[in-house]
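**Student:** Sharing a structure here in structure tokens format.
The values are calculated or read from the model by the stated rules, or taken from the named source; none is laboratory data. Computed from a predicted structure; not experimentally measured. Note that we place each Cβ from the backbone using ideal geometry, even for glycine, and neighbour counts take in every protein chain shown.
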Amino acid sequence: MKKEKAFTLAEVLITLTIIGVIAAMTIPGLRKNAQMRELAAGCKKAYAGLYQAVELTQQEIGPIRRWNWNEPDTFLDEIKSHLNIMQDCKTTNCFEESRYYEQSGTAGSWTAANARYMKMADGSRIMFYTCTGNVKGPCGISSYNQDPADTVYASFFYDVNGPQKPNTFGYDIFLFNITKNGILLPAGSYNTKDCKTGSGRGLSCTAKVLQEGAINF
């Protein structure tokens, strides 16, 4: 008679335990990588949508330098008409999550003087404010790592996954600036040195994510 060999129950249990340990070690990493790819794709989508909206607005009401920056709603209404907005909260902060975070871990508040708030149909949300005219927000060329010879006229803070975590610059919150040259530029287009995990604000991560097509810092 031919004798067949088989695994013992103990051997099967040991094998399953090893597989379980390996899965427990690798699955969280795979999930995080998948999330980072999704957020990077959200950054690209956000930039494409905003860029098109700004370009179409210039075609309809003239170049950026001629917009009425003392009354931003006059041109913002036109920009919003080219975005898939579910709720326009205007100057009222209607975001569920009241705080955002910098790369350093420092927390900030979404509430800003004269900012405009919008919720998009896909669950993302935008905070907008101007940097010129009578209605100004906390804009600055150096902190946004834009070309020192340029001027930021307005900024969009785009949270691509809404109130979901991590609510951090460079991961799910990205900054886009309207500049005097008439182009919507990602923050950090001049220098991405501020994009470092654990330090800095992370505003310049927007350009880095778009350039590399990934979040890998």
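**Student:** Filter region 107-120 down to the residues that are in contact (Cβ under 8 Å) with a residue 12 or more places away in the chain and within 18 Å of the chain's Cα centre (by Cα) and list them by number.
**Tutor:** Selection gives Trp110, Thr111, Ala112, Ala115, Arg116, Tyr117, Met118, Lys119, Met120.
**Student:** In region 179-200, what count of residues is obtained for those that are in contact with a helix residue (DSSP H, G or I) (Cβ under 7 Å, 6 or more places away or on another chain) and either of a type outside the set (Val, Ile, Thr) or within 20 Å of Trp110 (Cβ to Cβ) (or both)?
**Tutor:** Adding up the residues that qualify gives 8.
**Student:** Out of the residues in region 172-217 that are over 16 Å from the mean Cα position of the chain (by Cα) and of a type in the set (Lys, Arg), which is surrounded by the fewest Cβ atoms within 10 Å (Cβ to Cβ)?
**Tutor:** Once the filter is applied, the top-ranked residue is Lys193.
**Student:** Return the residues of region 164-176 that are in contact with a strand residue (DSSP E or B) (Cβ under 8 Å, 6 or more places away or on another chain) and either part of a loop (DSSP other than H, G, I, E, B) or farther than 24 Å from Glu96 by Cα (or both); say none if nothing qualifies.
**Tutor:** Pro166, Asn167, Asp172
Here is a yes/no grid of residues against (1) under 19 Å from Asn181 (Cβ atoms); (2) at pLDDT below 90; (3) surrounded by 14 or more Cβ atoms within 10 Å (Cβ to Cβ):
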{"site": "Tyr101", "(1), (2), (3)": "no, no, yes"}
{"site": "Ala107", "(1), (2), (3)": "no, no, no"}
{"site": "Thr111", "(1), (2), (3)": "no, yes, no"}
{"site": "Ala121", "(1), (2), (3)": "no, no, no"}
{"site": "Met127", "(1), (2), (3)": "no, no, yes"}
{"site": "Gly133", "(1), (2), (3)": "yes, yes, yes"}
{"site": "Gly137", "(1), (2), (3)": "no, yes, yes"}
{"site": "Pro148", "(1), (2), (3)": "yes, yes, no"}
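**Student:** Of everything in region 28-64, what is at pLDDT 85 or above and basic (Lys, Arg)? Give them in sequence order.
**Tutor:** Hits for region 28-64 are Arg37, Lys44, Lys45.
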